[in-house]
Each structure stands twice: as C-alpha cells, then as structure tokens.
Amino acid sequence: MDYYVIKGGKKLKGEVEISGAKNAALPIIVASLLADGETVLKNVPDLMDIRTMIRVIEYLGAETEFDIEKNTLRIRVNSIKNSEMPYELVKTMRASYYVMGPLLARLGEADVSLPGGCAIGERPVDIHLAGFEAMGAEIRLEHGYIKARAKDGLKPATFVMRQVSVGATANLMMGAVFSKGKTILENCAMEPDVVDLGNFLNKMGAKITGLGTERIVIEGVKKLKAITYSVIPDRIETGTYLLAGAITRGDVTVKNCIPEHVGALIDTLKYAGFNLDVKKDSIRVSNGKNLRGFMIKTLPYPGFPTDLQAPLMSLATTIPGISVIIETIFENRYTHVGELRRMGADITLEGNIAIVKGVKDLMSAPVMMSDLRAGAALVLAALAAQGKTEIRRIYHSDRGYEKLSEKLLSLGADIKREKGGTF
Ligand code: UD1
C-alpha cells in the first residue's frame with residue numbers, strides 16, 4: 001500500500017488551484033439520474049469517492065465517461081435498471097445513500113443496504129427515513145436492507161428535521177422534485193454543497209426556493225432535463241491549503257476558491273494572528289506576529305466546519321498558548337489526537353472538548369490515517385515537524401484530496417508518495 005514520506009520544516013510558498021467540491025459533486029452525480037439524456041458535469045475532482053459514486057450510478061443503469069484531464073464527467077441515462085443498492089457499494093461510501101431520493105422520485109421504490117459503522121461515529125440515517133415517511137413512503141428493514149415504497153410517488157409534505165443534516169436535506173430535496181404540490185423542509189442544512197445541488201436541480205427545471213436558508217420549498221414538476229453544469233470549488237480543500245500555509249509559517253495563495261465559504265476559518269486564522277488577504281476568488285495567508293491560541297466549536301454552516309476540525313487542531317499544536325476546540329457534530333471525531341500526540345503534540349481531551357497547548361516543535365513519528373480529515377491533519381503536522389514522517393493508510397486522503405502530493409510539491413513541500421509496506 002502507498003504511503004507518504006514527508007520531510008518537515010519547509011515553509012510552503014506559492015499558489016495552489018482548488019479542485020471541485022467532493023461533497024457537492026457526489027449528490028449532483030446522483031441527481032443526474034433524475035433526467036433522461038446526457039448530463040455533462042464540469043469541475044468534478046478525480047477522487048476515490050467520486051469513482052465509487054460513478055460505479056453506483058452505473059450499477060443503476062447510467063453510462064459514464066470521466067475525462068480526468070479535463071475533470072469532466074458525462075453521464076447518459078436512458079432508464080433506471082434497478083432500484084437496489086447493495087451492501088458492497090454502501091459500505092465503501094455512506095454517500096451512496098443519496099440514491100434513495102432519486103430512486104423514490106422516479107420509480108417509487110428503493111432498496112438500500114443500511115450503512116454499517118463508520119470511523120467517525122454512529123452516523124444514523126433516521127432523519128432521511130423519517131423525511132421519506134412524512135412524504136408517504138412505507139419503510140421497513142429486511143435482512144440489512146431498508147426497503148422504501150411509495151407506489152404512487154412521494155407526496156408533498158411539511159417535514160422538520162430534528163437535527164441539521166447535510167445528507168438528509170440533499171436526499172429529501174431530490175426525493176421531492178416530482179411530488180404533485182409543495183414540499184416544505186424545515187431546519188435544513190445551509191452548506192454550500194446543498195445549495196449547489198439545489199442550483200443544479202433548478203437548472204434542470206426543478207422549482208426549489210429557500211436554498212441556503214433553514215427553510216427549503218420544493219414545488220414539484222413533471223420532468224427534469226439533462227444539462228451541463230460546473231461544480232463549485234471545494235471549501236474543505238481550500239481550508240486545508242490555507243492551514244498548510246499557516247502551519248509552515250509560509251506564504252500561500254489559494255486560487256479558484258469562494259472565500260465566503262470559508263469565512264469561519266478566515267476569522268479564526270486572523271484571530272490567531274496570521275495575515276490574510278482575501279480577494280474575490282483567492283485567499284493569501286502568510287505568517288503574522290504574536291500568534292495566539294484560539295477557541296472554536298464545530299457547527300453547521302456557516303459555523304466552523306467539522307471537516308476542518310482535525311486539520312485546524314494540527315495548527316493549534318504549533319501555536320503558543322492554549323487553544324480550545326469543541327466538536328459538536330460527530331462523536332468520536334478525535335482519532336487524530338493519539339497520532340498527533342505521538343508527534344509531540346500536547347492535547348488533553350475532556351469529552352468532546354480538546355485543550356491544545358502549543359509546543360515549540362512537532363517531531364516526526366510513524367503515523368497512520370484513520371479517516372479522510374484526520375489524514376489531512378497528519379499531513380499538515382508532518383509538514384511542520386522536525387525530521388522525516390512516514391504516513392500510512394493514505395487511501396483515506398485519496399478519498400477527498402485531488403493530487404495532494406503534487407499540489408504540496410508545487411508549494412515547495414518535501415513529500416514523496418512511496419509504494420510498498422505491509423499495511
Ligand atoms: C456530510 C459530509 C461530511 C460532513 C458532514 C457534516 C458529504 C458526503 N459528507 O456528511 O463530510 O462532515 O456533512 O458537515 O457531504 N444524523 C443523524 N441522523 C441522520 C443523519 C444525520 O443523527 O439521519 C447526525 C449525524 O450522525 C451527525 C449529524 O447528524 O451527527 C450531521 O450529519 P450530516 O450532516 O447528515 O452528515 P453527512 O451528510 O453524513
């Protein structure tokens with residue numbers, strides 16, 4: 001299995017282009033099943049999760065062509081061949097659950113394997129299911145599969161989500177596009193990825209209002225048409241490269257991004273004392289004077305994103321004084337802490353609160369990624385650490401960071417992707 005070898009201590013400098021957003025592309029790829037014809041998606045990142053989602057829609061009957069040089073994905077849909085999503089696909093990626101909305105909307109039935117456990121906590125799908133039930137679907141669990149039936153199609157409904165959920169908001173929005181009447185979703189996720197999916201559906205002919213607010217209204221339409229669409233830039237990748245610039249005390253400009261989407265991170269970096277120069281579609285971060293500890297709490301958008309919690313913690317370990325990080329979205333999202341401690345970090349955990357005391361130097365150690373964002377945190381720590389760090393299980397970061405080592409190399413990092421090793 002491949003692994004990274006990173007020699008730390010180089011100040012990253014230069015410009016880096018941000019790829020398309022994984023978490024926007026995933027539901028958009030699935031939503032293309034809602035229209036017959038050829039959908040052309042641009043700015044689709046070449047990632048493991050995207051390839052899995054391509055397999056998912058191919059399994060359901062779509063034909064695809066992915067030009068990875070141009071990041072363009074062509075999807076042809078004539079008919080949907082089956083309404084079942086097997087365990088093999090759902091277990092590799094929880095987001096395969098997104099097929100439920102389009103399958104119920106088009107066929108009135110969906111059999112989707114229950115996702116198994118997940119490295120970052122329980123992550124149930126009860127909100128998705130309660131929403132489809134409110135829209136008239138009958139749901140039962142049989143042999144590990146959720147079987148959902150809506151013989152005469154999903155009905156318009158008003159549904160209040162008990163908790164903000166990105167996945168449930170996206171899934172229910174896709175499910176409601178053909179309902180005869182008005183569906184009102186309350187307590188919706190306002191994440192840019194959900195807004196991008198909504199914009200895509202509207203361009204296909206859907207009638208969705210309230211995107212980016214807590215209340216989304218979907219007026220059912222008869223049909224959607226296949227279109228060409230460009231996915232928004234990835235805000236978590238944007239944040240990760242800003243943090244790479246900050247942790248190495250370098251000077252990095254992140255290009256082709258939407259600064260508004262990383263507002264909470266920009267505020268945190270400014271508070272910590274870094275210099276930020278924010279333009280229309282680029283952000284430059286450089287080292288400041290008198291760096292100081294900070295406090296953040298992960299929250300639904302526009303709050304601080306849970307997906308940047310681990311990478312931010314790596315930065316905190318290098319900043320003088322105390323930083324406090326509180327994870328409120330997922331339980332068990334601190335698997336990076338043990339690995340960071342092995343690199344010399346001083347972190348105390350009390351429940352979902354991490355108290356981080358900045359150390360003078362992180363030091364290299366053999367470490368292992370436990371999930372995608374924990375993996376990013378280790379790469380950042382290694383970039384700042386004294387000595388050569390080997391990072392294993394990098395298939396986790398392959399799921400969500402396009403050309404990670406190439407992009408870091410272009411910023412002057414000393415990083416090599418090596419083959420081999422037993423784990
Ligand atoms: C999405 C993102 C993920 C991000 C997360 C939160 C994708 C593919 N993934 O995940 O990167 O970390 O949003 O911003 O876009 N919950 C329930 N029941 C449900 C659904 C969710 O209890 O039916 C809980 C989850 O366990 C979690 C919280 O709600 O505690 C938020 O989860 P959700 O927003 O649904 O995350 P995902 O869509 O899975």
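Just name the residue that is surrounded by the most Cβ atoms within 10 Å (Cβ to Cβ) out of those in region 146-174 that are part of a loop (DSSP other than H, G, I, E, B) and among the hydrophobic types (A, V, I, L, M, F, W, C). Among those that are part of a loop (DSSP other than H, G, I, E, B) and among the hydrophobic types (A, V, I, L, M, F, W, C), it is L154. V177 falls short on exactly one of the conditions (1) hydrophobic (A, V, I, L, M, F, W, C); (2) within 16 Å of the ligand (Cβ to nearest atom); (3) outside any strand (DSSP E or B); (4) within 21 Å of L34 (Cα to Cα), and that condition is (2). Just checking: which of the strands (runs of 3 or more DSSP E) contained wholly in region 278-389 hold 1 or more residues that are in contact with a Ser or Thr (Cβ under 8 Å, 6 or more places away or on another chain), under 14 Å from L243 (Cα atoms) and open to solvent by less than 10 Å² (accessible area, probe 1.4 Å)? Where strands (runs of 3 or more DSSP E) fall fully within region 278-389 and carry at least 1 residues being in contact with a Ser or Thr (Cβ under 8 Å, 6 or more places away or on another chain), under 14 Å from L243 (Cα atoms) and open to solvent by less than 10 Å² (accessible area, probe 1.4 Å), they are 282-286. The single condition from (1) outside the structural domain of P45 (by TED's automatic domain parsing); (2) buried (at least 23 other Cβ atoms within 10 Å of the Cβ) that L201 fails is (1).
The values are calculated or read from the model by the stated rules, or taken from the named source; none is laboratory data. Quick caveat, the model's predicted, so the values are computed rather than measured. Quick reminder, even Gly has a Cβ in these numbers, built from the backbone with ideal geometry, and neighbours come from all protein chains shown. For accessibility, only protein heavy atoms count, side chains too; no ligands or nucleic acids. Shrake-Rupley method; radii C 1.70, N 1.55, O 1.52, S 1.80 Å.
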